[in-house]
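Here is the structure we will look at, set down as structure tokens.
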Amino acid sequence: MDTGCGVGLMVMALSGRGLKRVDGIGLSKAMFVTAAKKNVYQQLKQMDMKATVPRDSGIYDGVTRVGTITFFHAEPEALYELSRTTQKGRIVCLAQAALQGARSPLIGIDL
């Protein structure tokens, strides 16, 4: 699951690595238009990142959350939902740029 998926930059960076099912959630329905054109998401859902994720526990092999770990996007308690929806022993990847204008080593783009 790609949380805070925006226009789908993270999932594009990972798309050649054997992903079978990727769902995206985020605040901006307008960004979903661009994300949907990438043809890698099974489902896109608009939701507040502070809310309970409407998915079963342990459904995902991995979860990403890039650039949305701030007081505006999600409170620390929201991280529980990422671990709850991820299968035991799998990966939850969290990343946040320190400064606007920095270069992201994770996906090789300017932020």
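The ratio of the alpha-carbon radius of gyration of the stretch 1-53 to the globular-protein estimate 2.2 N^0.38 Å is 1.04.
When nucleic acids and ligands are ignored and a 1.4 Å probe is applied, K45 ends up with an accessible area of around 80 Å². For V63, nonlocal amide neighbours, meaning residues 5 or more places apart or on other chains whose placed amide H falls under 5 Å from its own, are I91, V92, C93. Figure legend: label point modelled 7 angstrom from the Cα of R84 along Cα→Cβ; residues of the stretch 16-37 with amide N under 20 Å from it are 23-27.
The values are calculated or read from the model by the stated rules, or taken from the named source; none is laboratory data. Bear in mind that the values here come from a model prediction, so they are computed numbers and not experimental data. Using ideal geometry, Cβ is built from the backbone for each residue, glycine included, and neighbour counts are taken over all protein chains shown. The protein model used for the area step is the full one, side chains on, heavy atoms only, and it has no ligands, DNA or RNA in it. Shrake-Rupley method; radii C 1.70, N 1.55, O 1.52, S 1.80 Å.
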